[in-house]
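Worksheet: one structure, shown below.
The values are calculated or read from the model by the stated rules, or taken from the named source; none is laboratory data. Predicted model, so just to flag it, every value in this text is computed and none were measured. Reconstructed Cβ throughout: ideal geometry from the backbone, glycine too, with neighbour counts over all protein chains shown. The accessibility values were calculated without ligands, DNA or RNA, using every heavy atom of the protein model including side chains. Shrake-Rupley method; radii C 1.70, N 1.55, O 1.52, S 1.80 Å.
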Amino acid sequence: MRLIAKFILWFVAISVGLVVLYRFVPPPVTVTMLVDGNGITKDWEPLSNIDRNMVAGVVAAEDGKFCTHNGFDTDAIEKAMERNAKGGRLRGGSTISQQTAKNVFLWQGEGWTRYARKGLEVWFTFLIENLWDKRRIMEVYLNVAETGIGTYGVEAGAQRYWGKSAANLSTAEAGRMAAALPSPKTRSVTNPSGFTRRYGNTIAGRIDMVKRDGYDACVYE
């Protein structure tokens, strides 16, 4: 029992320490990057150097309640559980906060490792929601999310796909990159077709609405 208690105390101390550190310092590398056999291309940029179209794009695509939830969207989780209960490919109801926690501190995982990760994901999501602000969560997410094969962060993605900075993304470009985020190794950004093209266009069409109605307002307060 003493060993278990010591392990728990050390885990809590280390995890809280890392979250506090990354509140101010860019995460140098993630587990996903380390196990990527395609190498790592990344270029950290502060949120001030990332176009608001990209912020609005991921809010529209991934997490419309980003500014109002505490890290978990219970409605989305319940809907995901209902879909999964019907069989077929598992679908999640993860928020941007949960994805950030997973991408920075944990691993992707399949099978039982995925379920083991989920428990830790709750803990780290709780921590970043309470020790970071929404702007920092968004900033980290947009810098560590996989945006292509061996490519991490929207700046590296913008340079790869259009040869320009993420500070100058159009609504169409932001929509395409956001549409590819759930499966960046298989969804084309520059020449999308089928679902990816339609989804990208849908996201692009929602970007102005997200900005107008303040769904991304917490990022710019």
Mind listing just one residue for me: the one in region 1-60 that is polar (S, T, N, Q) and part of a loop (DSSP other than H, G, I, E, B) and, of those, nearest to residue 129 (Cα to Cα)?
30
How many residues does region 101-147 hold that are of a type in the set (D, E, K, R), more than 22 Å from residue 220 (Cα to Cα), at pLDDT 95 or above and not in a helix (DSSP H, G or I)?
1
Could you go through region 15-34 and let me know if any residue there is of a type outside the set (Val, Ile, Thr), more than 30 Å from residue 151 (Cα to Cα) and exposed (fewer than 13 other Cβ atoms within 10 Å of the Cβ).
no
Among (1) under 15 Å from the mean Cα position of the chain (by Cα); (2) within 11 Å of residue 42 (Cβ to Cβ), which single condition is residue 150 missing?
(1)
For region 113-165 the number of residues that are touching a strand residue (DSSP E or B) at 6+ places or on another chain (Cβ under 7 Å), within 25 Å of residue 14 (Cβ to Cβ) and of a type in the set (Ser, Thr, Tyr) is 1
When residues of region 35-81 are filtered for being touching a helix residue (DSSP H, G or I) at 6+ places or on another chain (Cβ under 8 Å), open to solvent by 30 Å² or more (accessible area, probe 1.4 Å) and acidic (Asp, Glu), how many remain?
4
From 77, 8, which residue is among the β-branched types (Val, Ile, Thr), over 15 Å from the mean Cα position of the chain (by Cα) and under 23 Å from residue 183 (Cα atoms)?
77
